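Trainee: Submitted below is the structure of interest, expressed as structure tokens.
The values are calculated or read from the model by the stated rules, or taken from the named source; none is laboratory data. Here the structure is a predicted model, which means the values were calculated and not measured. All Cβ positions, glycine included, derive from the backbone under ideal geometry; neighbour counts span all protein chains shown.
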Amino acid sequence: MKMYLEAFRIFSPGNMELDSADLKTARDKYSLRRSDRFTSMAVSAVTKKLNDAFPEQLSPNTGLVTATAFGPHRTTFATLDDILDYPEDLILPTRFSHSVHNAVASYVGTVLGIKGPVFALAGFEDVWFEALDLARNMMLADFCSKVLVIGIEEKALLTESAPELWPERYKEIPQEAVCVLLLSSEKQDNNHGRIELERTPKTAEQLFSFGVYQEFLDALAVSSAESSTTLHKMPDWEFPRTSE
């Protein structure tokens, strides 16, 4: 089965960025008054008005896959603080509900009216590749003909501390980013060519914690209906061996 790229968006430092005004616009427009920043980033990324081909409406049977490494850790840590500081009956249920990884998928699905299969993936071993592979299998199994894939990472305490906590893995603070791909199995939706997945590992430095590398983004930037962009799986991380 061929997997076509209908539309894409990349928000990251040095590229397009989501600022506080974008997040406020999304919160106000879609009544996200209780949503956390992580959720607002995702909703803003898929609904922001831009001069691109990203559709304002998606078919209800579109699938949705979110991918992240650290997840909504700002909210998770705040929830843990509440658990330590307050009795059980005083913990904010809204904050707790936003601390789980699939909360963002629920919000995006509601805002876009998506009723197809929805999955929330989390992990540090190239979860971006696994998200696209899952999207391909969803379309191959005829669960849906389109899948919206969102990779998201928020900058907060844990990412800012990553180089100190895990220096072997993170030489620098992981970037805050949102990557959105709208994939389709239908040829008429082909605006940016085919996306090919190759499980042969590619030695490349990942830009974001969920596994995107620069060559893939560069290929998307110049893509056309005749293009074929290959996403290689990044090598699995190996913990450094320690001498006994």
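Trainee: Filter segment 176-219 down to the residues that are loosely packed, with under 12 Cβ neighbours inside 10 Å and within 25 Å of SER145 (Cα to Cα), then identify the one that is modelled with the lowest pLDDT.
Mentor: Kept after step one, since they are loosely packed, with under 12 Cβ neighbours inside 10 Å, are these residues of segment 176-219: 187-188, 198-200, 203, 205, 214, 218.
Narrowing the set further to residues that are within 25 Å of SER145 (Cα to Cα) leaves 187-188, 198-199.
Numbers: LYS187: 95, GLN188: 94, GLU198: 93, ARG199: 88.
The qualifying residue modelled with the lowest pLDDT is ARG199.
Trainee: For TYR213, indicate whether it is hydroxyl-bearing (Ser, Thr, Tyr) and in contact with a strand residue (DSSP E or B) (Cβ under 6 Å, 6 or more places away or on another chain). If you could, list the steps in order and put the result at the bottom.
Mentor: Numbers: hydroxyl-bearing (Ser, Thr, Tyr): yes; in contact with a strand residue (DSSP E or B) (Cβ under 6 Å, 6 or more places away or on another chain): yes.
So TYR213 passes the test.
Trainee: With respect to VAL222, determine if the residue is within 30 Å of ARG74 (Cα to Cα), at pLDDT 90 or above and of a type in the set (A, V, I, L, M).
Mentor: Values: within 30 Å of ARG74 (Cα to Cα): no; at pLDDT 90 or above: yes; of a type in the set (A, V, I, L, M): yes.
Considered against the rule, which asks whether it is within 30 Å of ARG74 (Cα to Cα), at pLDDT 90 or above and of a type in the set (A, V, I, L, M), VAL222 comes out as no.
Trainee: Collect the residues in segment 179-202 that are among the β-branched types (Val, Ile, Thr) and either in a loop (DSSP other than H, G, I, E, B) or free of Cβ contacts under 8 Å to residues at least 24 places away in the same chain (or both), keeping them in residue-number order. Walk me through it before giving the result.
Mentor: Within segment 179-202, the subset among the β-branched types (Val, Ile, Thr) is 180, 195, 200.
The one that is among the β-branched types (Val, Ile, Thr) and either in a loop (DSSP other than H, G, I, E, B) or free of Cβ contacts under 8 Å to residues at least 24 places away in the same chain (or both): THR200.
Trainee: Does THR75 count as in contact with a His (Cβ under 9 Å, 6 or more places away or on another chain), at pLDDT below 85 and either farther than 28 Å from PHE54 by Cβ or surrounded by fewer than 17 Cβ atoms within 10 Å (Cβ to Cβ) (or both)?
Mentor: Details: in contact with a His (Cβ under 9 Å, 6 or more places away or on another chain): yes; at pLDDT below 85: yes; either farther than 28 Å from PHE54 by Cβ or surrounded by fewer than 17 Cβ atoms within 10 Å (Cβ to Cβ) (or both): no.
Criteria not met by THR75.
Trainee: Here's a follow-up. Name the residues in segment 128-166 that are closer than 19 Å to HIS73 by Cβ and surrounded by fewer than 22 Cβ atoms within 10 Å (Cβ to Cβ), would you?
Mentor: Of all residues in segment 128-166, those closer than 19 Å to HIS73 by Cβ come to 128, 131, 150-166.
Residues satisfying the conditions are LYS155, ALA156, LEU157, LEU158, THR159, GLU160, SER161, ALA162, PRO163, GLU164, LEU165, TRP166.
Trainee: Does segment 106-130 hold any residues that are out of contact with any strand residue (DSSP E or B) (no Cβ under 9 Å at 6 or more places or on another chain), touching a residue at least 24 places away in the same chain (Cβ under 8 Å) and either assigned to a helix (DSSP H, G or I) or of a type in the set (A, V, I, L, M) (or both), and which are they? Quick ask: steps written out before the conclusion?
Mentor: Looking only at segment 106-130, we keep the residues that are out of contact with any strand residue (DSSP E or B) (no Cβ under 9 Å at 6 or more places or on another chain), and these are 107, 110-111, 113, 115, 124-125.
Narrowing the set further to residues that are touching a residue at least 24 places away in the same chain (Cβ under 8 Å) leaves 107, 111, 113, 115, 124-125.
TYR107, VAL111 - these are the residues of segment 106-130 that are out of contact with any strand residue (DSSP E or B) (no Cβ under 9 Å at 6 or more places or on another chain), touching a residue at least 24 places away in the same chain (Cβ under 8 Å) and either assigned to a helix (DSSP H, G or I) or of a type in the set (A, V, I, L, M) (or both).
Trainee: Additional query: Looking only at segment 220-236, count how many residues are in a loop (DSSP other than H, G, I, E, B), surrounded by 12 or more Cβ atoms within 10 Å (Cβ to Cβ) and either more than 19 Å from the chain's Cα centre (by Cα) or without any contact (Cβ under 8 Å) to a residue 60 or more places away in the chain (or both). First the steps, then the outcome.
Mentor: Step one: of segment 220-236, the residues in a loop (DSSP other than H, G, I, E, B) are 222-227, 233-236.
With surrounded by 12 or more Cβ atoms within 10 Å (Cβ to Cβ) added as a condition, the list becomes 223, 225, 227, 233-235.
Among the residues that remain, those that are also either more than 19 Å from the chain's Cα centre (by Cα) or without any contact (Cβ under 8 Å) to a residue 60 or more places away in the chain (or both) are: 223, 225, 227, 235.
Counting residues in segment 220-236 that are in a loop (DSSP other than H, G, I, E, B), surrounded by 12 or more Cβ atoms within 10 Å (Cβ to Cβ) and either more than 19 Å from the chain's Cα centre (by Cα) or without any contact (Cβ under 8 Å) to a residue 60 or more places away in the chain (or both) gives 4.
Trainee: Can you confirm whether GLU125 is at negative phi and at pLDDT 95 or above?
Mentor: Details: at negative phi: yes; at pLDDT 95 or above: no.
Taking the combined requirement at face value, the residue does not satisfy it.
Trainee: I've got another one for you. Starting from segment 84-105, keep only residues that are under 21 Å from ALA42 (Cα atoms) and at pLDDT 75 or above, then list their pairs with residues that are among the aromatic types (Phe, Trp, Tyr) and assigned to a helix (DSSP H, G or I) whose Cβ atoms are within a distance under 8 Å, requiring at least 6 positions of separation or different chains.
Mentor: If the second residue must be among the aromatic types (Phe, Trp, Tyr) and assigned to a helix (DSSP H, G or I), the pairs left are VAL104/PHE38.
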